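Enquirer: A single structure is presented below for examination.
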Amino acid sequence: MSDAPVAVVTGAGRGIGRAIAERLVRDGWRVALVDRDGAALDEVRRLADGSADVAAFVADVGDEASVARLADAVRATFGGVRALVNNAGIGGTGTPLEELTLDAWNEMLRVDLTSLFLVCRAFAPDLKADGAGRVVNLGSISARTGVAGSAAYTAAKGGVEAFSRSLAREWAPHRVTVNVVAPGVIDTDMARRRGLDHQRALIPWHRIGRPDDVAGAVAYLVSPEAEFMTGQVLHLNGGAAM
Ligand SMILES: NC(=O)c1ccc[n+]([C@@H]2O[C@H](COP(=O)([O-])OP(=O)(O)OC[C@H]3O[C@@H](n4cnc5c(N)ncnc54)[C@H](O)[C@@H]3O)[C@@H](O)[C@H]2O)c1
């Protein structure tokens, strides 16, 4: 196994998380792939062709005990962790507020917001260890624009931004940067469920985003070049919000 820095990427089984993981492997990172969907992880893991620099971990990032087991397992496999990419999430459901159940609201906040608290807390010692730690959290354009039928999702993503700014201040003395990448519509299973065609017309760049667009931004934020950037929200949306 190499001594390259280690990145943990959650939600790496498909979509944006998978593209981020593949990009970081290409950039020379060792990568811990995390997802609650073990079958999807196996498929991504196969692409790494048996490399000891990539390992897969099944975990539910919104569950405290599961995250504690994850942190132990990642440390046992790789030692320390330099970068954490909190990408796992569930999408908006298009449910009118009056029909939204408390269970659905709580589940959205658990997976899309509480998970950041749990995972950042679990890996805090690792991230602070070498004075070059990096956290990148996935937000969404929708936290800025609002989306009818997605109050729980947009509330969670607004929380992701506020959480990240506070943590950026808290961990700046430890030289850990904390930033948000906030994509517009990106072509993944999550976005396809809501339909892509009607969204293209709203984007000045006139195309739907690609997972690789997001992966490029994350690759920059975890790199040494981004050392002076913290507490920021990087928007990638083809100009859909300016
Ligand atoms: N696709 C878009 O248009 C878009 C736009 C803005 C923001 N985002 C955000 O980007 C991130 C990735 O989205 P995507 O489009 O790739 O989604 P996706 O549904 O295609 O993939 C999400 C992955 O996260 C995993 N996951 C979900 N809940 C989990 C949990 N509790 N524990 C562990 N893994 C879990 C899923 O199994 C899946 O593999 C999300 O945070 C999403 O909110 C996506």
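The values are calculated or read from the model by the stated rules, or taken from the named source; none is laboratory data. Just so we're clear, the structure is a prediction, and the values are computed from it rather than from any experiment. Note that each Cβ is placed from the backbone with ideal geometry, even for glycine, and that neighbours are counted across all protein chains shown. All accessible areas refer to the heavy atoms of the entire protein, side chains included, with ligands and DNA or RNA removed. Shrake-Rupley method; radii C 1.70, N 1.55, O 1.52, S 1.80 Å.
Enquirer: Along the positive direction of the dipole of the chain (beta-carbon charges: Lys, Arg +1; Asp, Glu -1; about the Cα centre), which of VAL8, THR230, GLY195 reaches farthest?
Expert: Of the listed residues, the answer is THR230.
Enquirer: Against the longest principal axis of the chain, how steep is helix 211-221, in degrees 0 to 90 to the nearest 10, with axes from Cα atoms?
Expert: That works out to roughly 50 degrees.
Enquirer: Once each part is reduced to its C-alpha centroid, what is the distance from segment 65-80 to segment 1-25 in angstrom?
Expert: That distance is 15 Å.
Enquirer: Something else now. Under the rule a/c < 1.5 gives rounded, and otherwise a/b versus b/c splits prolate from oblate, where does segment 173-221 land using the Cα gyration tensor? Working shown, then result.
Expert: Working: a/c = 2.99, a/b = 2.47, b/c = 1.21.
The shape class here is prolate.
Enquirer: Once the Cα atoms of helix 15-26 and of the chain are each reduced to a long axis, what angle between those two axes, in degrees from 0 to 90 to the nearest 10, is obtained?
Expert: 30
Enquirer: Once each part is reduced to its C-alpha centroid, what is the distance from segment 172-225 to segment 81-120 in angstrom?
Expert: If we compute the Cα centre of each part, the gap is 17 Å.
Enquirer: Rounding to the nearest 10 and keeping the result within 0 to 90°, find how far the Cα-based axis of helix 64-78 lies from the longest principal axis of the chain.
Expert: 40
Enquirer: Another one. Heavy atoms only, probe 1.4 angstrom, no DNA, RNA or ligands counted: give me ARG23, ARG192 ranked by accessible area, highest first. Numbers along the way, then the final one.
Expert: Values: ARG23 75, ARG192 140 Å².
Largest to smallest exposure gives the sequence ARG192, ARG23.
Enquirer: Would you list ASP130, ASP60 from the most to the least accessible area, probe 1.4 Å? Spell out each step's value before the answer.
Expert: Numbers: ASP130 80, ASP60 40 Å².
My answer, sorted largest first, is ASP130, ASP60.
Enquirer: Show me 119-125, 147-153, 36-42 ranked by packing, highest mean number of other Cβ atoms within 10 Å first. Please list the in-between numbers first.
Expert: Working: 119-125: 19.9, 147-153: 18.1, 36-42: 16.0.
Most protected by this proxy first, the peptides run 119-125, 147-153, 36-42.
Enquirer: Describe numerically, in nm with one decimal, the distance between label points set 7 Å from Cα along Cα→Cβ at ASP37 and at ASP189.
Expert: For the pair ASP37/ASP189, the computed spacing is 0.1 nm.
Enquirer: Å³ per residue of the Cα convex hull, for the chain? Before the final figure, lay out each step's value.
Expert: Working: hull volume 28.7 nm³, N = 242.
Hull volume normalised by residue count: 119 Å³.
Enquirer: Which value, in debye to the nearest 20, describes the size of the charge dipole of segment 6-236 about its Cα centre when Lys and Arg Cβ atoms bear +1, Asp and Glu Cβ atoms bear -1, and nothing else is charged?
Expert: It works out to roughly 440 debye.
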